[in-house]
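Report on the following structure.
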Amino acid sequence: MTGLGTFRTTREAYDAIAPTYAQMFQDPLRERPLERALLGAFAELVRTNGDGSVADLGCGPGDFTAHLHGLGLNAFGVDASPAMVGLAREANPGLRFEVGSMAALDIGDGALGGVLSRWSVIHTPPQDLPAVLAEFARVLAPGGHLLIAFYATDGPHDATQAYDHAVVTAYRWSPDRFAELLRDHGLAESARLVAEPAPTDLRQFQEIQLLARKA
């Protein structure tokens with residue numbers, strides 16, 4: 001499937017489940033203290049570098065955009081799904097949300113102090129991921145920070161692995177290979193959080209969060 005075809009399939013799938021998704025993942029940070037701490041560190045780093053705007057890419061119903069706003073950032077959300085954006089606007093009327101593609105952002109070069117991409121690249125086919133990361137790098141100002149989350153592959157030699165997802169096919173990545181791709185686009189890894197799955201988790205995959213800085 002081409003990149004455009006994947007985009008349309010993902011958008012339509014999330015449009016169809018948007019209300020259910022928002023209901024299932026209410027208060028998503030309540031039982032995730034490490035992620036709350038990492039988001040706090042991300043916000044502090046962005047402010048230290050000049051407090052530029054932050055884009056929550058793949059924002060879904062807007063919970064994390066609102067969390068970043070609560071941390072004092074000028075945050076706005078972008079999502080491929082018009083239904084998700086509608087829910088985000090309804091829940092957060094004072095914040096800005098836009099429909100858009102991560103592969104072609106309507107954001108100027110170097111306009112952002114930070115980018116949050118929380119699980120939003122998991123449906124991007126491996127051949128299309130470099131173009132998406134290039135967009136992330138393009139919109140970040142020098143010294144800007146990226147916080148990106150995804151699932152890890154089973155072994156260090158598995159660059160990518162597809163897996164069944166409730167919405168549409170998804171991919172997990174070798175953290176080292178992902179960090180290499182970031183470096184290829186001028187984004188140097190500065191920290192890595194590896195979270196082991198709980199015994200009760202449906203998917204027994206490691207969760208990876210990489211923090212990177214644009215030179």
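A few comments on the model shown:
- Counting only Cβ charges, +1 for Lys and Arg and -1 for Asp and Glu, the dipole size of segment 115-215 around its Cα centre is about 380 debye.
- Solvent-accessible surface (1.4 angstrom probe) belonging to Asp15, in square angstrom, nearest 10: 50
- Efficiency of FRET between Arg47 and Arg96 - r from beta-carbon atoms, R0 22 angstrom, step 0.05: 0.70
- Largest-first ordering by accessible area, 1.4 Å probe, given options Asp176, Asp79: Asp176, Asp79
- Helices meeting the span-like rule in the chain (full DSSP H runs, Cα extent of at least 20 Å along the helix axis, mean Kyte-Doolittle score of 1.0 or higher) are absent.
- Segment Thr20-Ser190, length gained on full extension (0.36 nm per residue, minus Cα span): 57.6 nm
- Within the chain, DSSP assigns beta bridges of which about 50% are antiparallel (rounded to the nearest 5).
- Its DSSP H runs of at least 4 residues, each contributing -39,500 (n - 2.57), put the calculated 222 nm mean residue ellipticity of the chain at -11500 deg cm²/dmol, to the nearest 500.
- Accessible carbon and sulfur surface of the chain relative to its total accessible area, %, 1.4 Å: 52
- Pairs of Cα atoms nearer than 8 Å and 6+ residues apart set the relative contact order; for segment 1-87 it is 35 percent.
- Counting only protein chain heavy atoms and rolling a 1.4 Å probe, the accessible areas of Met24, Met84 rank, largest first, as Met24, Met84.
- Taking trypsin sites (Lys or Arg not before Pro) across segment 1-104, the ones in a DSSP loop with at most 12 further Cβ atoms lying within 10 angstrom of their Cβ are Arg30.
- Selection of chymotrypsin sites (Phe, Trp or Tyr not before Pro), segment 1-65, meeting DSSP coil and at most 13 other Cβ within 10 Å: Phe25
- Estimated Rh, segment 1-94: Kirkwood, alpha-carbon pairs, angstrom: 14.3
- For the chain: relative contact order, % (alpha-carbon pairs under 8 angstrom, 6 or more apart): 18
The values are calculated or read from the model by the stated rules, or taken from the named source; none is laboratory data. As the structure is a computational prediction, the values presented were derived from the model and not from experiment. As a convention, Cβ positions derive from the backbone with ideal geometry for all residues, glycine included, and neighbour counts pool all protein chains shown. Keep in mind that these areas ignore ligands, DNA and RNA; they rest on the heavy atoms of the full protein, side chains included. Shrake-Rupley method; radii C 1.70, N 1.55, O 1.52, S 1.80 Å.
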